[in-house]
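The values are calculated or read from the model by the stated rules, or taken from the named source; none is laboratory data. Small disclaimer: the values here were computed from a predicted structure and weren't measured. Because the Cβ atoms are built from the backbone with ideal geometry, glycine has one as well, and the counts that use them run over all protein chains shown.
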């Protein structure tokens, strides 16, 4: 029984992983498609069109805020530096490396890590 | 005919090139996912399949986390869905490049849509390629290939990856999205909706932190709704 028990337990975990992968994959693709289908049925002018035009910026601001809310002073300070650098230089790559370098430096100096 | 082909190819390559900062940032994130997946007893094949079939880093990590504490498939899927509901908003925001296309292009473009696609809109605007399917397809496809590759590398390297926060690498993904924000600014009319979005997320994170992942959706929807229904004179 012991001999049979171990592999079957492994099998259960394995199945669980595959079910999760497949379930989340289907749901994720479904939501990606739903967005397109939803938007294709909306009017091209009026309030809903204005909402859609505002959506990319609002989505990116929300995403950044969700990530920043977990950060402390160092993250906020560097985040603002990255924002200013992106406004001035208009270069995402440079701004990203600036942020990574600055935060690594500050974490070592301030002893956060 | 071959002119169209050349144009499509050049837009594809242009999209892949403009995606590079996001690709680099996502590569670090994807490697961390591969590493954690192996540590959570995922097989190599399962780690790769998850990245290839879901293509959404934060949802992959949270599903992994749920499974490793023994919460079960259902809880893992629900937690992942909570984060990936935003894909509905991502593809809606990408309407210019996805609508009015052959169905397979719309489906393929939607399958490759991520937060990085929204970040890519800032350069598409500057290049006047907002309506180009091939530009966003080039960006999404290159990110997708790298995403799978780095998952594999993370899974193979396992514990040999140094502590990412010590090198500021965990901040790369945040930095690249922050850097995308100025390019999405359409003018002063964006100020109030953006304050509504950011404020919603902040309030949810402070008062009901367990719902922070829903805060993303609510923040985006409230901001866009504010833009839609404010008084215009």
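Residue by residue, here is whether (1) at pLDDT 95 or above; (2) away from chain A (no Cβ under 11 Å); (3) farther than 18 Å from residue B:61 by Cβ holds:
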site: B:145; (1), (2), (3): yes, yes, yes
site: B:152; (1), (2), (3): yes, yes, no
site: B:168; (1), (2), (3): no, no, yes
site: B:174; (1), (2), (3): no, no, no
site: B:180; (1), (2), (3): no, no, yes
site: B:183; (1), (2), (3): no, no, yes
site: B:213; (1), (2), (3): no, no, no
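Have a look at B:48, B:28, B:62 and point out the one that is at pLDDT 90 or above and touching a helix residue (DSSP H, G or I) at 6+ places or on another chain (Cβ under 7 Å). Can you show your working first?
Values: B:28 fails: at pLDDT 90 or above; B:62 fails: at pLDDT 90 or above.
Every option except B:48 fails the conditions.
Restricting the first residue to segment A:33-44 and requiring it to be more than 9 Å from every other protein chain (Cβ to nearest Cβ), which pairs with a second residue that is modelled with pLDDT under 90 meet a Cβ separation below 7 Å and a spacing of at least six or different chains?
Listed by first residue and then by second, the contacts come to A:43/A:49.
Under the condition of being in contact with a helix residue (DSSP H, G or I) (Cβ under 9 Å, 6 or more places away or on another chain), at the interface with chain B (Cβ under 7 Å from one of its Cβ atoms) and surrounded by fewer than 19 Cβ atoms within 10 Å (Cβ to Cβ), which residue from segment A:70-103 is farthest from residue B:182 (Cα to Cα)?
A:93
Need at least 3 residues that are in the same structural domain as residue B:20 (by TED's automatic domain parsing) per element, so show me which helices (runs of 4 or more DSSP H) inside segment B:107-219 make the cut, counting only ones lying wholly within it. So that I can check it myself, show each step before the final result.
On the way: elements: B:115-126, B:133-157, B:172-184, B:191-207.
Filter on segment B:107-219 gives B:115-126, B:133-157, B:172-184.
In the list A:39, A:94, which residue meets the criterion of being assigned to a helix (DSSP H, G or I) and within 25 Å of residue B:85 (Cα to Cα)?
Values: A:94 fails: within 25 Å of residue B:85 (Cα to Cα).
Just one listed residue meets the conditions, A:39.
Among the residues in segment A:46-65, are any more than 7 Å from every other protein chain (Cβ to nearest Cβ) and surrounded by fewer than 16 Cβ atoms within 10 Å (Cβ to Cβ)? Break it down into steps so the answer makes sense when it comes.
In the first step, residues of segment A:46-65 are kept if they are more than 7 Å from every other protein chain (Cβ to nearest Cβ); the result is A:46, A:49, A:53.
From what's left, surrounded by fewer than 16 Cβ atoms within 10 Å (Cβ to Cβ): A:46, A:49.
Within segment A:46-65 (the criterion being more than 7 Å from every other protein chain (Cβ to nearest Cβ) and surrounded by fewer than 16 Cβ atoms within 10 Å (Cβ to Cβ)), the answer is yes, since at least one residue qualifies.
Every residue, every condition in (1) under 12 Å from the mean Cα position of the chain (by Cα); (2) surrounded by fewer than 24 Cβ atoms within 10 Å (Cβ to Cβ); (3) in contact (Cβ under 8 Å) with a residue 40 or more places away in the chain, yes or no:
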position: B:59; (1), (2), (3): yes, no, no
position: B:70; (1), (2), (3): no, yes, no
position: B:74; (1), (2), (3): no, yes, no
position: B:78; (1), (2), (3): no, yes, no
position: B:87; (1), (2), (3): yes, no, no
position: B:101; (1), (2), (3): no, yes, no
position: B:127; (1), (2), (3): no, yes, yes
position: B:130; (1), (2), (3): no, yes, no
